[in-house]
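The values are calculated or read from the model by the stated rules, or taken from the named source; none is laboratory data. Please read these numbers as outputs of a predicted model, since none were measured by experiment. Here the Cβ positions follow ideal geometry from the backbone for every residue, glycine too, while neighbour counts run over all protein chains shown.
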Amino acid sequence: MNRFCFILAFIISIAADVVAQDSLCGTHSGSGSYPQKLSESRIDLDAVEMVDIALAIHIVTDSNGEGGINPSAGSTIASQLTSWFSGAMMRFFVLTIDSVRNDHFYSPGPQNESEDDDLSEINVVANAINMYLLPNYRHGGTGTFASHETGNRTTQSVIIKNANVGSTTVPHEVGHYLTYCTHSTM
């Protein structure tokens, strides 16, 4: 776990280059202290093995199973994340893809953090980043780890508006999800 948190801490130096507008990001920025940027001289990446990270992709559709994003979005996301986080020795793969048939989450989409939690409790896959893709969302995306100190979220997940698949919003929000352990004493 310490090696994993060390690698996640390194992400911060990479995630600083990920640009997303505040109006697109639904993750609370908080007022807590954040770790200092790590200098490259402190990390011997040749001594670190690649870490494989599973993604559980949940495609939100209407109750008839219509209207969701193409399931190929999962491989697009895994490739994009691997590209963004490879410097931190992270490789992403799709473990599973399923659908969430729910008219409310399809349109208008979750309207607050409580509804984000409700969505994030559907079809949860253990030991994977559970990512929910939906056509209508009040932000471009949000990513959080459970019990985030500055928000009201109680479940861990990444939620992405379909229109932002392939944009910098995806690695930005996954960065929020991954960096939580660097802000606490786990």
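Table for the structure above
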item	result
Among (1) modelled with pLDDT of 90 or more; (2) under 9 Å from the mean Cα position of the chain (by Cα) - the single one residue 177 does not satisfy	(1)
Number of the condition not met by residue 13 [criteria: (1) touching a Ser or Thr at 6+ places or on another chain (Cβ under 8 Å); (2) modelled with pLDDT under 50; (3) surrounded by 15 or more Cβ atoms within 10 Å (Cβ to Cβ)]	(1)
